[in-house]
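Colleague: I'd like to ask you about the structure that follows.
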Amino acid sequence: MLRFAPLALLIGAGGADVSQGFDARIAVAPQPVAIGDRTMLVYELALTSFAAAPVTLTRVEVRDGERVIADLAGDALAAAIGRTGSAPSEGVTTVTPGARATLYLNLSAAAAPRTLRHRLTFTTAGAARTLDLPAVAVDRTPLPELGPPLRGGPWVAVYDPAMERGHRRVFYAVDGTARLPGRFAIDWFSLADAGRDEERLQDWRGYGAPVLAVADGTVVAVRDDVPDPAALRPFARPSIGDATGNYVALDIGGGRIAFYEHLKHGAPVRSGQRVRRGEVVGALGYTGQTTGPHLHFHLADANAPLAAEGRPYRVAGAQWIGGYASIAAFAAGERWQPRTPAVVAFPPANAVVRFPDR
């Protein structure tokens, strides 16, 4: 885990002007990942204020050497900040004494840098301050290449990096450490041509579709005690401990665990079983906390649905054939917009994808 120690800002000769600043931490080093047609750095900068007065961020610059790759201010800065608990009265860019703000960074980089530097500009107690953080090493370890988790399609990759309660921005502190398991999570919904009767779960498109092992590996956890609901309505609202519904966890090696959640009751695999890439490990279902049958998939660094960090990956055999402008457009039943098909290693938000049929 990469961490910064608490940082104090020193101004003036001999440290005559000393001001409390931020404790700034990056829990998981940024790692380049090809999302759509861009190379992205997806990571978080957690800021906890040790100042006696509220601190208002006004600008955040991220540099690759002398090259500025991100310059956030105004609305762009506010949109990148998330807050734990209720929003502060001073505004989202203001961090009150002892409070924590998280800067969610999704940066496009033409070439993956080796290090990043962050400069924070803020005001506190009526004075403007600038804080330069130590350089952060970029993790350039090659990403694992996975097989498709599903067959055929089309499927829509539902996620939104800017959504306050989306996977990307939901930390869990269930064992004394805050972690972000859904950093690269995707909810896969079927877009099959067949219509759907919202009163008949078995007619919902995608329900019961085979879910596939994305790599050779060992099944390390199976939950299969959640019964299939009798109907699609009302939506389930279980506690976070039951939010996964039925799930399978697959150890694919290299310290990586693949999670398949919201599965249909009746798992075809058991814990300890070895499986091959492409083998059926479950069926797409409607268990746990979900608003419709789909497959939740993510890759993590530990065998724990919530107490693990989400990790990036590449997927083989995916054709990017279109997309939705937003989750709202998908939820409203709008038509997705086609595009010239292209191979994609990781789908962009709300992309429509087709996998091989077998």
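Colleague: Which one is surrounded by the most Cβ atoms within 10 Å (Cβ to Cβ), of the residues in the stretch 143-178 that are at pLDDT below 95 and outside any loop (DSSP other than H, G, I, E, B)?
Modeller: Arg168
Colleague: In this structure, does Ala221 turn out to be touching a residue at least 12 places away in the same chain (Cβ under 8 Å) and in contact with a Lys or Arg (Cβ under 8 Å, 6 or more places away or on another chain)?
Modeller: For Ala221, the condition - touching a residue at least 12 places away in the same chain (Cβ under 8 Å) and in contact with a Lys or Arg (Cβ under 8 Å, 6 or more places away or on another chain) - is not met.
Colleague: Considering only the stretch 214-235, state which residues are under 22 Å from the mean Cα position of the chain (by Cα) and outside any strand (DSSP E or B).
Modeller: Val214, Ala215 - these are the residues of the stretch 214-235 that are under 22 Å from the mean Cα position of the chain (by Cα) and outside any strand (DSSP E or B).
Colleague: Another question about this same structure. So is Ala128 in contact with a Lys or Arg (Cβ under 9 Å, 6 or more places away or on another chain) and closer than 30 Å to Ala53 by Cβ or not?
Modeller: No: the conditions fail for Ala128.
Colleague: Among (1) within 28 Å of Met163 (Cα to Cα); (2) part of a strand (DSSP E or B), where does Ala329 come up short?
Modeller: (2)
Colleague: Can you find a residue that is buried (at least 18 other Cβ atoms within 10 Å of the Cβ) and under 20 Å from the mean Cα position of the chain (by Cα) anywhere in the stretch 48-64?
Modeller: No, the stretch 48-64 has no match at all.
Colleague: Can you tell me which condition Glu44 does not meet? The list is (1) touching a Ser or Thr at 6+ places or on another chain (Cβ under 6 Å); (2) over 30 Å from Trp320 (Cα atoms); (3) not in a loop (DSSP other than H, G, I, E, B), and all the others hold.
Modeller: Of everything listed in (1) touching a Ser or Thr at 6+ places or on another chain (Cβ under 6 Å); (2) over 30 Å from Trp320 (Cα atoms); (3) not in a loop (DSSP other than H, G, I, E, B), Glu44 misses just condition (2).
Colleague: Quick test for you: out of Ala329, Ala325, Ala308, pick the one residue that is among the small types (Gly, Ala, Ser) and within 30 Å of Thr141 (Cα to Cα).
Modeller: Ala308
Colleague: Continuing with the same structure: Within the stretch 84-132, track down each residue that is assigned to a loop (DSSP other than H, G, I, E, B), at pLDDT 85 or above and either closer than 16 Å to Glu66 by Cα or in the same structural domain as Tyr172 (by TED's automatic domain parsing) (or both).
Modeller: Once the filter is applied, which keeps residues that are assigned to a loop (DSSP other than H, G, I, E, B), at pLDDT 85 or above and either closer than 16 Å to Glu66 by Cα or in the same structural domain as Tyr172 (by TED's automatic domain parsing) (or both), the stretch 84-132 yields Pro113, Arg114.
Colleague: What residue, among those in the stretch 179-213 that are outside any loop (DSSP other than H, G, I, E, B) and acidic (Asp, Glu), is modelled with the highest pLDDT?
Modeller: Asp187
Colleague: Another one. State whether the residues of the stretch 260-267 include one that is at positive phi and loosely packed, with under 15 Cβ neighbours inside 10 Å.
Modeller: First pass over the stretch 260-267, keeping only residues at positive phi: 262, 266.
Keeping just the survivors that are loosely packed, with under 15 Cβ neighbours inside 10 Å gives 266.
The answer is yes; a qualifying residue exists.
Colleague: Here's something else I'd like to know. Six or more apart or on different chains, Cβ under 7 Å: which pairs go from a residue in the stretch 325-337 that's in the same structural domain as Pro154 (by TED's automatic domain parsing) and surrounded by 13 or more Cβ atoms within 10 Å (Cβ to Cβ) to one that's outside any helix (DSSP H, G or I) and polar (S, T, N, Q)? Could you list them?
Modeller: Ser326/Asn350; Ile327/Asn350; Phe330/Asn350
Colleague: Contact list please: Cβ distance under 6 Å, first residue in the stretch 86-104 and within 25 Å of Pro30 (Cα to Cα), second residue modelled with pLDDT under 90 and charged (D, E, K, R), pairs at least six apart or on different chains.
Modeller: As it stands, the answer is Ala101/Arg83, since those pairs meet every condition given.
The values are calculated or read from the model by the stated rules, or taken from the named source; none is laboratory data. Keep in mind it's a predicted model, so treat the numbers as computed, not measured. Cβ atoms come from the backbone with ideal geometry, glycine included; neighbour counts cover every protein chain shown.
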